[in-house]
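The values are calculated or read from the model by the stated rules, or taken from the named source; none is laboratory data. None of the values given here were measured: they were computed from a predicted structure. Cβ atoms come from the backbone with ideal geometry, glycine included; neighbour counts cover every protein chain shown.
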Amino acid sequence: MNTSRCTRTFLGLVLAALTSWAQAGIPIQHWVMPNGARVYLVEAPGLPMVDVQIDFDAGARRDPPHQVGLASATALMMSKGLAAHAGAPAMDENALGEAWADLGASLSLGASNDRFSVNLRSLTRTELLDGAVQLAARQLAQPSFPTAVWHSERQRWLASLAEAKTQPAYVAARAFATAVYGVHPYGLDTTPAHLQAIEAAPMRAFHAHHLQACHARVSVVGALNRAQAQARVAQLLAGLPQGKACAALPGVAQVQPLARAQDIDIPFESAQAHVFIGQPGIARQSPDFLALTVGNYVLGGGGFVSRLTEQVREKRGLSYSVSSYFSPSMHAGAFRIALQTRANQANQAVQVAREVLADFVQHGPTEAEVQAAKDNLIGGFALRLDSNRKLLDNVSNIAWYDLPLDYLDTWSDKVQRLTASDIQAAFARTLQPERMVTVVLGAKP
């Protein structure tokens, strides 16, 4: 059997095992470490590898107002070098990259609106996993934040910001976020002035204050049992502040509802007009999350079978694509309708999209539409779990949002029980079509 066939056979077996597993139930083990870290484990012995995600409450919502971008800058620079420590030599970015390549493992860091996430992937062969965990622990606890490297990266970032401002989609999206979120951190944009205010010292302070063991949510999927996972998590977090040294984090204000409708027209030389219509939606922990997910499939999330596509594209030819979606987070992430259209059709496209939305909020979907949406979502559910990485994404969401441990096992049943009236009520509670932000960039009068 050739290598390609072996690979296909192996991947097919893995997919079959994960699909069967998803149907049978996914046991998630959970415990709290002595240092306060919360661990979520799914044992997956079928592959000799492990994926780990460590999440901290250190996303962009924790950026100081005068240093928007600090969380992302800290994540970026934690991969640019390590300080010497306890006899281990300093490492620059090249040496660090070579070390990871030699181990056949990877570590990535990034900051979203809410989370500062660290992702480790390694084979579980003892000598390789030992090396990967030791190196990851150093990268977590002993980044060097080299000033010269940061200045170079900052220049690249500044150039990227300047380029982004020439892109119509970016300009429209930024105007939409600012109008929807106001002064909430979700609406803040990194500017050159913010970046110029960021140096190595603020990054070190952000790292020391926010990356603490007691705040860690650790998700593990792979060929480790509970005792092995606990030992590896303890190693990974050993260099971070532990236990009583951990400082409590202040609360973050909630996103405020919109008081009135707002129409924003942005002149821009663009081949097409870019349109966003929306408002603050829901937090991820909202009890309406599943009803809105199913309903949005009917409204604008189901591609060619959605109402927005039928009315805006199919019947009137106003846009090649149109969609709606919710972005639930720790706070009320935005609901938005997005489309592009010819500049001289923008006003008509907006009117039709608004009419479709208002009708949906008032009357909801039909039972037939709901059943079709449920069939599609439930039928595709196993594909959300058909790799260690996808399963890890789901487990980390359960960990981050304090969802029930049986969330994945009960998801399909809960979706199946939803009715059209449940969905209409959830949309009526959540959306106010008469008080939405509408951004139109590049329209012609």
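Here are the numbers for this structure:
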{"read-out": "Hey, T147 within 22 Å of R115 (Cα to Cα) and surrounded by fewer than 18 Cβ atoms within 10 Å (Cβ to Cβ) or not", "value": "no"}
{"read-out": "Only one of N376, N397 that is touching a residue at least 40 places away in the same chain (Cβ under 8 Å), farther than 16 Å from V298 by Cα and polar (S, T, N, Q)", "value": "N397"}
{"read-out": "Answer residue from the range 337-381, given it is within 30 Å of the chain's Cα centre (by Cα), surrounded by fewer than 19 Cβ atoms within 10 Å (Cβ to Cβ) and among the aliphatic types (A, V, I, L, M) and is nearest to E269 (Cα to Cα) among those", "value": "A358"}
{"read-out": "Among residues of the range 180-215, those that are free of Cβ contacts under 8 Å to residues at least 60 places away in the same chain and either in contact with a Lys or Arg (Cβ under 7 Å, 6 or more places away or on another chain) or in a loop (DSSP other than H, G, I, E, B) (or both), counted", "value": "2"}
{"read-out": "Every pair of residues 6+ apart whose Cβ atoms lie under 6 Å, when the first sits in the range 417-445 and is under 30 Å from Q167 (Cβ atoms) and buried (at least 19 other Cβ atoms within 10 Å of the Cβ) while the second is of a type in the set (S, T, N, Q) and at pLDDT 95 or above", "value": "M436/Q279; V437/Q262"}
{"read-out": "Some residue of the range 17-38 being of a type outside the set (S, T, N, Q), modelled with pLDDT of 95 or more, closer than 26 Å to F116 by Cα and part of a helix (DSSP H, G or I)", "value": "no"}
{"read-out": "Output for the range 309-341, where each listed residue is in contact with a strand residue (DSSP E or B) (Cβ under 7 Å, 6 or more places away or on another chain) and either of a type in the set (D, E, K, R) or at positive phi (or both)", "value": "R313, R336"}
{"read-out": "Residue match in the range 362-372 (condition: in a loop (DSSP other than H, G, I, E, B), farther than 30 Å from A58 by Cα, modelled with pLDDT of 95 or more and of a type in the set (S, T, Y))", "value": "yes"}
{"read-out": "Odd one out for L383, checked against (1) touching a Pro at 6+ places or on another chain (Cβ under 9 Å); (2) free of Cβ contacts under 8 Å to residues at least 24 places away in the same chain", "value": "(1)"}
{"read-out": "Top-ranked residue in the range 290-335 [being more than 16 Å from the chain's Cα centre (by Cα) and among the aromatic types (F, W, Y); ranked as surrounded by the most Cβ atoms within 10 Å (Cβ to Cβ)]", "value": "Y297"}
{"read-out": "Pair list, Cβ under 8 Å, 6 or more apart: the range 216-228 residue outside the structural domain of L240 (by TED's automatic domain parsing) and closer than 19 Å to A137 by Cβ, other residue buried (at least 24 other Cβ atoms within 10 Å of the Cβ) and modelled with pLDDT under 95", "value": "none"}
{"read-out": "Single match in L128, L135, L158 (criterion: free of Cβ contacts under 8 Å to residues at least 40 places away in the same chain, assigned to a helix (DSSP H, G or I) and touching a Ser or Thr at 6+ places or on another chain (Cβ under 8 Å))", "value": "L128"}
{"read-out": "Segments classed as helices (runs of 4 or more DSSP H), wholly inside the range 388-445, with at least 2 members that are within 22 Å of the chain's Cα centre (by Cα)", "value": "388-400, 407-417"}
{"read-out": "Meets criteria (modelled with pLDDT under 95 and not charged (D, E, K, R)) for A261", "value": "no"}
{"read-out": "Whichever residue in the range 115-144 is farther than 15 Å from V218 by Cβ and among the β-branched types (V, I, T) and, among such residues, is surrounded by the fewest Cβ atoms within 10 Å (Cβ to Cβ)", "value": "T126"}
{"read-out": "Subset tally (residues that are outside any loop (DSSP other than H, G, I, E, B), of a type outside the set (V, I, T) and closer than 27 Å to M330 by Cα) for the range 264-289", "value": "6"}
{"read-out": "Counted residues, the range 23-80 - those being within 30 Å of W157 (Cβ to Cβ), surrounded by fewer than 20 Cβ atoms within 10 Å (Cβ to Cβ) and out of contact with any Asp or Glu (no Cβ under 8 Å at 6 or more places or on another chain)", "value": "3"}
{"read-out": "Some residue of the range 313-324 being β-branched (V, I, T) and assigned to a strand (DSSP E or B)", "value": "yes"}
{"read-out": "Scope the range 129-159; condition closer than 26 Å to Q212 by Cα and of a type in the set (A, V, I, L, M); matching residues", "value": "L129, A132, V133, L135, A136, A137, L140, A141, V149"}
